[in-house]
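Below: one structure, written as structure tokens.
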Amino acid sequence: MFNYVYKDKTVFLTGHTGFKGSWMTVWLKSLGARIVGYSLEPQTQPNLFDTVDVSDGITHIIGDIRDYDNLVSVMRSCKPDMVFHMAAQPLVGRSYQDPRATYEVNVMGTVNILNAVRHTDSVRVCVNVTSDKCYDNRGSIYAYRESDPMGGYDPYSASKGCAELVASAFRRSFFNPNRYDDHRVSLVSVRAGNVIGGGDWADDRIVPDCVRALAGGEAVRLRNPKAVRPWQYVLEPLSGYLWLGALLFQNSTAFDYGWNFGPNGAKSVTVRELVESIIGFWGGGGVTIEAGNELTKFHEADCLRLDSTKAGVVLGWHQVYGLEETIRSTIEWYREFYKNKAFDAKGHTLSQIAAYSAKARKAGLAWTSYRERPEWLERR
């Protein structure tokens, strides 16, 4: 699979202590990559990073992407082949509470990463991870495409739209594909849907909120049960990021622009539908609708969908798990964590990566058999 490209490559990964970053690190380690993780300490207790012992076998650096001097020094010293920028302030609710920090991390942090890449001669690929919320969401049922304008009502969404504009400006100004021989860097931005999977304990996020309530024998409290989101399994977008990074490492400027890696439209369901399915897989529980709390006074989009047609047509990337399998895999992880004292979190996480990869291979997805420059790429 990807190990043709990632084996023995040095990958600089920001945000490796976070939920998605921890899954990404585990997968990259299994592919034989040398990983340099750069991030703040894990933000919750418990957290996936410690639970799965992610720091084992990697270069684990506690650092703040807002500290440019330290960031560029570390990046230049480790001489990475590839950079995956996943560090962020990722929560809409927190962005209302601390908008300044949200913009500092998500906008200026991205500026710092991309400028550090400019001054690190070893880097050949940079994958900038933003969010499905980077688009100017007008509350329609329309699924957003990569050509749609950036925007954002709340500070978090706007910060991600800004991060996309930053990446676009750096691509045009410093990493222009037409001048690739001068800089030799391929820069892309990637946007995922609402990611769920085992090991997320963030505050004010629906699956962690459900699991905490169910494990404690309480009803799940919902404040916006009719909201529609593009739910997807955590490995879905990560497979897209890894596939795109591999293609760019082998094919330089062939694909260096923005990409959506989200579920198909049929998997964009309401919060209540998602929660009722979670309760079913957990084996019981209840739901209560909140009349109001601190966050209900702030705006939340009622509908958000992504169109990932381009990734399917151009990259041959498609989602592997349907919603039922996504929820089952997620709740299996949490149920084992809470109910099995002998739970092997690292082994279970690796087995879920293996199961996902096996199903993708059975479906014949391009990334599962990638060994060398595919012939079809030569024709593009």
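Each reported figure results from applying straightforward, stated rules to the coordinates on display, with no laboratory input. Keep in mind that this is a model prediction, so the values were computed, not measured. With ideal geometry, Cβ positions are generated from the backbone for all residues, glycine too; neighbour counts draw on all protein chains shown.
Among SER95, SER147, SER357, rank each residue by its count of other Cβ atoms within 10 Å, from fewest to most, as a rough exposure measure. Could you put the intermediate results ahead of the total?
Values: SER95 25, SER147 9, SER357 20.
Exposure proxy ranking, most exposed first: SER147, SER357, SER95.
Under the rule a/c < 1.5 gives rounded, and otherwise a/b versus b/c splits prolate from oblate, where does the stretch 123-238 land using the Cα gyration tensor? Can you show the working numbers first?
Details: a/c = 3.10, a/b = 1.96, b/c = 1.58.
Note, shape of the stretch 123-238 comes out prolate.
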| Residue among PRO155, PRO208, PRO46 with the largest mean-square fluctuation in a Gaussian network model of the chain, springs linking Cα atoms under 10 Å | PRO46
| said: Binning at 20 angstrom from zero up to the longest distance, how are the C-alpha pair distances of the chain distributed in percent? | reply: 29, 62, 9, 0
| note | Checking the stretch 164-205 for trypsin sites (Lys or Arg not before Pro) in a loop per DSSP with at most 16 other beta-carbon atoms within 10 Å yields ARG184
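Rounded if a/c is under 1.5, else prolate if a/b beats b/c, else oblate: with a ≥ b ≥ c from the C-alpha gyration tensor eigenvalues square-rooted, which is the stretch 76-162?
Judged from the Cα gyration tensor, the stretch 76-162 comes out oblate (a/c at least 1.5, b/c at or above a/b).
Calculate, in nm to one decimal, what ASN251 and GLU324 gain on full extension: separation in residues at 0.36 nm each, minus their alpha carbon distance. Write out the running numbers ahead of the final one.
On the way: separation 73, 0.36 × 73 = 26.28 nm, distance 3.58 nm.
Stretched fully, the ASN251-GLU324 segment lengthens by 22.7 nm.
Under 15 Å from the Cβ of THR17, count the other residues' Cβ atoms, weight Lys and Arg +1, Asp and Glu -1, and hand me the total.
On the way: positive: LYS20, LYS29; negative: GLU41, ASP50, ASP53, ASP56, ASP64, ASP200.
Value of the local net charge: -4.
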| Going by alpha carbons, how many degrees (0 to 90, nearest 10) lie between the helix axis of 271-282 and the longest principal axis of the chain? | 80 degrees
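How big is Rg to Rh over the stretch 1-155, alpha-carbon atoms, Rh as the Kirkwood inverse-mean-distance radius?
Details: Rg = 16.2 Å, Rh = 16.5 Å.
We get a ratio of 0.98 for the stretch 1-155.
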| message | If the elastic network links every pair of Cα atoms under 10 Å, which of HIS85, HIS60, HIS119 fluctuates the most in the Gaussian network model of the chain? | response | HIS119
| request: At 7 Å along the Cα-to-beta-carbon direction for both LYS79 and ALA101, put a label point, then send me their distance in nm to one decimal. | output: 3.7 nm
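Work out the length of the dipole vector of the chain about its Cα centre, built from +1 on the beta-carbon of each Lys and Arg and -1 on the beta-carbon of each Asp and Glu, and round it to the nearest 20 debye.
Details: 44 positive and 42 negative charges, 163 e Å.
Approximately 780 debye in magnitude.
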| query | Taking the chain as a Gaussian network, Cα atoms linked when under 10 Å apart, which of ASN115, ASN264, ASN178 shows the biggest mean-square fluctuation? | reply | ASN178
| task | Return the calculated 222 nm mean residue ellipticity for the chain, to the nearest 500 deg cm²/dmol, obtained by summing -39500 (n - 2.57) across DSSP H runs with n ≥ 4 and dividing by the residue count. | result | -12000 deg cm²/dmol
